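Reading through the structure tokens given below for one structure.
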There are 2 protein chains.
Amino acid sequence: MDALTINEAAETSGWTPRMLRYIEELGLVEPPRSSGGYRLYGPGELQRLRTLRELLDRFDLGLGDVGFARRMQRDDALRTVVEGWLEAEPARPEHVPADDWLEWEQDKHERLLAEAARRDTTLTETP
Amino acid sequence: MDALTINEAAETSGWTPRMLRYIEELGLVEPPRSSGGYRLYGPGELQRLRTLRELLDRFDLGLGDVGFARRMQRDDALRTVVEGWLEAEPARPEHVPADDWLEWEQDKHERLLAEAARRDTTLTETP
DNA sequence: CAAACCTTGACAGAGCCGTGGTAAGGTTCC
DNA sequence: GGAACCTTACCACGGCTCTGTCAAGGTTTG
């Protein structure tokens with residue numbers, strides 16, 4: 001019986017029960033449930049909750065930030081497109097004529113977005 | 001003279017001038033400046049601004065989300081720790097006794113946070 | 001079975017985010 | 001040199017995030 005109920009978990013982790021429910025809603029820490037529906041926080045969940053707090057304090061993040069990171073990690077299309085966009089940031093290479101560069105950029109993003117679209121439809125189209 | 005000034009760039013990109021300044025503030029699109037301080041949007045910046053809009057619409061993101069992704073990409077310590085935290089999420093492996101698993105988890109996070117600290121101090125301590 | 005706990009759902013407020021506007025002043029260029 | 005543009009720096013406001021609290025009802029356990 002080393003699983004804590006929500007109020008106990010709140011006390012040991014430093015979060016409030018309300019926040020524990022919110023954190024679960026964001027998909028960050030999702031404890032298993034008892035047969036009656038009670039959340040059961042085991043050592044793993046408690047550890048995650050403590051390190052989560054450290055993470056937020058240390059880097060001044062919000063729960064939403066970590067939630068977004070989680071989403072990026074799970075959604076291949078999202079991650080690919082965002083990373084593609086960010087990678088295109090560096091200054092224009094001087095050795096490539098501006099026109100060609102633009103064309104290359106456009107092509108690249110079209111490819112990325114097209115790929116994302118393909119995955120979307122692959123996932124959603126179920127006739 | 002194929003560099004547009006902020007109002008022209010706003011018109012062609014669909015953003016408002018106010019938003020272009022905000023986007024720059026977030027570090028997402030930082031156009032070079034004229035000698036007098038005017039922002040100069042070249043083809044590359046315009047392309048980035050258009051794809052940024054697409055990106056936000058397509059995945060229902062906020063500018064803050066992309067800003068956070070950018071921060072993660074540039075800050076090694078941040079990326080390492082966040083990814084480490086997220087990777088620890090999967091369910092407890094059944095074949096590892098709970099106590100050992102917890103210990104392993106703690107060690108892992110301590111290592112990650114310690115590494116982050118080391119990088120911080122390496123960067124900030126300049127006696 | 002009853003006390004003490006848990007559940008979901010709703011409302012509520014403080015604070016931040018995205019956005020617009022405006023003012024005071026500098027730059028460009030005809 | 002002056003019209004038209006740009007700069008930064010503020011104030012403002014609707015909406016969303018985070019957090020608390022309460023209500024109505026189900027679960028656990030002595």
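The A:GLU24 and A:ARG79 beta-carbon pair, evaluated with R₀ = 25 Å, returns a calculated FRET efficiency of approximately 0.60.
Residues whose amide H comes within less than 5 Å of that of A:ARG39, counting only those at least five positions distant or on another chain, are A:ILE6, A:SER34 (H built at 1.01 Å from N in the peptide plane). Does the range A:6-61 classify as rounded, prolate or oblate by the C-alpha gyration tensor (a ≥ b ≥ c root eigenvalues; a/c under 1.5 gives rounded; else a/b over b/c gives prolate, otherwise oblate)? The shape class here is prolate.
Read-outs: derived from the displayed coordinates by stated rules, not from any lab. Note that the structure is a prediction, hence the values are computed from the model and not measured. Note: ideal-geometry Cβ built from the backbone for every residue, glycine included; neighbour counts use all protein chains shown.
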